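Only one structure is covered here, and it is reproduced in the block below.
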Amino acid sequence: MSTPTKETSAPAAPAQPSAARRVLTGIGVQNSSLIITLIALVVLLSALNENFFRTNNLLLIGSAITIMGLLALVQTLVIILGALDISVGSMAGLASVVSAMVFTSTGNSEVGILAAVGVGILCGLVNGMIIIFGRVNPVVATLAMLATYKGIAQVISDGKAQGYTGGDDLFIFLAKGSVLGLPSLVWVFLIVAALLHFLLKYTDIGRNVYAIGGNDTAARLAGININRYIIGVYALVGVVAAIAGVLITARTGSGQPTSGSEGLELQAVTGAALGGTMLKGGRGSIISTVLAVIILGVLDNGMSGLGINPFWQNVAHGALLVIAVVLQQLRSGERRVGLPE
């Protein structure tokens, strides 16, 4: 009598993720959320203002976000490192004054721009050395230097706009020129964003920056020279802040000690946090910050187009920063301050 054989079936093939899920995975949850928010905001504002979606207005948004966007990009870098720079707006104002004053003295725009970049590097190095050798908390150190750089800019300029750059070809090109239909300002922003994205994502420097922000003790034990990275990152912040200052000079036609740079610190931190950069360090993305900066620019432009008092823009930025930080805390699962575990 033959024993019955047990039929065996081949193991089922693993279910393939849907095309939508593959796209979502490739883009990332954070970026997908920002894209959906941006689309919803654009649709809403287009419905409320028929002029919103016109080409000229979209290019205006691109130009308007450049200076704030540049500072948000480097703020992302320094926050990923586990630090913060509150002085970026003041550095931009000081660089603006220096670029205009040197240009006025020499008649050479390239020399003026290089002088501004040199001042930016110096400011960044000073910030980094105060943090390292003075053992000062980055927030406190850069808050003190915010006042210092603003004061220096006001002293050397006597608190007034300096020089006139509206007749120089290079400054005119930076302010009003275009390449392939995009304003020069937008190209500056995109180039800096691309370079920082490449630095963070595809180089050992970027991986070490993430490592330091994620766990500085483990990074030190792994042989990473943390002091060198702090100084290097803050120097890079100074370079980009100086570029932002040069663009302020180009747009206004003169060096501005405070006008154009006031409040940029809050906007930079808001752009980075809204893009999902963890304020405790170790996590963040340049692409996400770019999307967040676009959202802020669209929101500001939409509020202006609807005739809303521009002072409400500051209220909106502050509210968005609070919301972004609260969402970060909820996702981290940490106990909230003052509440029982």
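The values are calculated or read from the model by the stated rules, or taken from the named source; none is laboratory data. Since we're looking at a predicted model, the values are computed, not measured. Using ideal geometry, Cβ is built from the backbone for each residue, glycine included, and neighbour counts are taken over all protein chains shown. Note: accessible area is taken over every heavy atom of the protein model, side chains too, but ligands, DNA and RNA are not part of it. Shrake-Rupley method; radii C 1.70, N 1.55, O 1.52, S 1.80 Å.
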* Asked: Considering the range 131-187 alone, what residues qualify as being of a type in the set (Ser, Thr, Tyr), open to solvent by less than 50 Å² (accessible area, probe 1.4 Å) and either under 16 Å from residue 104 (Cα atoms) or in contact (Cβ under 8 Å) with a residue 24 or more places away in the chain (or both)?
  -> 142, 149, 157, 165
* Wholly within the range 169-274, which helices (runs of 4 or more DSSP H) include no fewer than the required count, namely at least 3 residues that are among the basic types (Lys, Arg) and over 14 Å from the mean Cα position of the chain (by Cα)? -> none
* Since residue 85 meets every condition but one in (1) free of Cβ contacts under 8 Å to residues at least 60 places away in the same chain; (2) touching a Ser or Thr at 6+ places or on another chain (Cβ under 9 Å); (3) more than 21 Å from residue 155 (Cβ to Cβ), which condition does it not meet? -> (1)
* If the Cβ limit is 7 Å and pairs must be 6+ apart or interchain, which residue in the range 224-243 that is without any contact (Cβ under 8 Å) to a residue 24 or more places away in the chain pairs with which residue that is of a type in the set (Asp, Glu) and assigned to a helix (DSSP H, G or I)? -> 226/216
* Can you tell me how many residues in the range 239-274 are among the hydroxyl-bearing types (Ser, Thr, Tyr), at pLDDT below 90 and open to solvent by less than 10 Å² (accessible area, probe 1.4 Å)? -> 2
* To do: Identify, from the list 99, 109, the residue that is in contact (Cβ under 8 Å) with a residue 60 or more places away in the chain, under 25 Å from the mean Cα position of the chain (by Cα) and open to solvent by less than 20 Å² (accessible area, probe 1.4 Å).
  => 99
* Structure fact -> Checked the range 189-204 for anything open to solvent by 40 Å² or more (accessible area, probe 1.4 Å) and among the small types (Gly, Ala, Ser); matches are 194
* Only residues that are closer than 30 Å to residue 208 by Cβ and either free of Cβ contacts under 8 Å to residues at least 24 places away in the same chain or open to solvent by 70 Å² or more (accessible area, probe 1.4 Å) (or both): list them for the range 280-325, please. => 280, 283, 287
